[in-house]
């Protein structure tokens, strides 16, 4: 029948039990968070240098596009000559903006702090409720909070 959930198998129970056990291991969670924060902090100077270089490339690419647009608008360059280069520069600019967003997010991640003891506990509780509630609106809502 549509909408009915099959009973969990032994494998399902084992996977879900393992997930809960992992989140109950405070030392494991603390070590994982500390390792993540250490990697993020160590990458900081490199990300900032890369971001500065990407911004410089964005400015150069925008300047080049502007020159092509001016040449086309003034009639000194035909569309057939200008269009392929404008398309290539536009694609490059989209890629540069995507990289800028990635680097900005990476830099922002470096300012994260370790979770409080209550936050992993809330996550464990949400996982437990989600597992035991199944695919109900309240169960799905528990997973969305994280």
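Read-outs: derived from the displayed coordinates by stated rules, not from any lab. All figures in this text were calculated on a predicted structure; none of them were measured in a lab. Using ideal geometry, Cβ is built from the backbone for each residue, glycine included, and neighbour counts are taken over all protein chains shown.
General observations
- Ranking of 29, 113 by neighbouring Cβ atoms within 10 Å, starting from the fewest: 113, 29.
- Put simply, the stretch 44-109 fits an ellipsoid with semi-axes of 31, 10, 7 Å; these come from the alpha carbon gyration tensor as the roots of five times its eigenvalues, largest first.
- The alpha-carbon atoms of the stretch 1-133, seen along their principal axes, cover 73, 48, 20 angstrom, with the largest extent given first.
- In this label model, residue 69 and residue 39 are separated by 4.0 nm, measuring between points 7 Å along each Cα→Cβ vector.
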